[in-house]
Amino acid sequence: MKKIVIALLLLLPVKAVMAQKDSLSFDEHNKYIYYDVVVQPGLTADTFQNRMLYFLKVNYPQNKTDKISDPGSISGSGKFLILSGITAVKHVDGAISYTFHIEYKDEKYRYWLTGLVFTPYKVDRYGNSVPEEGLGVELEDGAKKLDKAELNKCLDQSAIYSIQFGHKLREYMVKVSAAPARDNKKKTIDTKNW
């Protein structure tokens, strides 16, 4: 009985990883993409824009957000690190840079993450992990340039990051905006101007 329970506990994480890898798909340009459309009744485009800008400012301050040229969209780029090892001795294997696009209109919005590029890291002479110069590998070409285990790890981490990005975005779109800060200045009465 113990063996059956242990076998089931070991198979559950494998199923979760397989489901995450399936969440990345290919778009019309043959690039990996994580895409989602969310219907949020009762919210206007202005509310979406304010909440999305606040979401990016709070959760992803290191991301570069492009200037808003189209009034119904926000786009930008960012990156996240790929870590390996156990919790006490983790080291950086590389970073994956991506571009994100968020489009919104009344009562619905959509977002996608695409353009995934893996940059391997190396340890310099001081023991710091630094990116290798000029070695950016698009994940679509990863089968040719990366070994299978490293490619699978990159795809899994990209799927996990994309799913977390989506969950956080949904949470911020549901939150009611905070009330504006009140001024604690004392009102002075001017008796000369009446």
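Inside segment 96-139, can you point out the residues that are part of a strand (DSSP E or B) and of a type in the set (A, V, I, L, M)? Explain how you work it out, then say what you get.
Filtering segment 96-139 for residues part of a strand (DSSP E or B) gives 96-105, 108-123, 129-131, 137-138.
Within segment 96-139, I96, I102, L113, L116, V117, V123, V130, V137 meet the criteria.
Which of the following residues is more than 17 Å from the chain's Cα centre (by Cα) and at negative phi: A95, A45? Let's see the steps before the verdict.
On the way: A95 fails: more than 17 Å from the chain's Cα centre (by Cα).
Answer to the selection: A45.
In segment 42-97, what count of residues is obtained for those that are touching a His at 6+ places or on another chain (Cβ under 6 Å) and either open to solvent by 40 Å² or more (accessible area, probe 1.4 Å) or among the aromatic types (F, W, Y) (or both)?
Selection size over segment 42-97: 1.
Any residue at all in segment 105-118 that's farther than 28 Å from K67 by Cα, at pLDDT below 90 and open to solvent by 50 Å² or more (accessible area, probe 1.4 Å)? Outline the logic, then answer.
Residues of segment 105-118 farther than 28 Å from K67 by Cα: none.
No.
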Any residue in segment 85-98 that is closer than 18 Å to E138 by Cα sitting within a Cβ distance under 6 Å of a residue that is not in a strand (DSSP E or B)? List the pairs, counting only those 6 or more apart or interchain. I96/S158
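The values are calculated or read from the model by the stated rules, or taken from the named source; none is laboratory data. Worth saying up front: this structure is predicted, and the values here are computed from it rather than measured. Cβ atoms come from the backbone with ideal geometry, glycine included; neighbour counts cover every protein chain shown. Note: accessible area is taken over every heavy atom of the protein model, side chains too, but ligands, DNA and RNA are not part of it. Shrake-Rupley method; radii C 1.70, N 1.55, O 1.52, S 1.80 Å.
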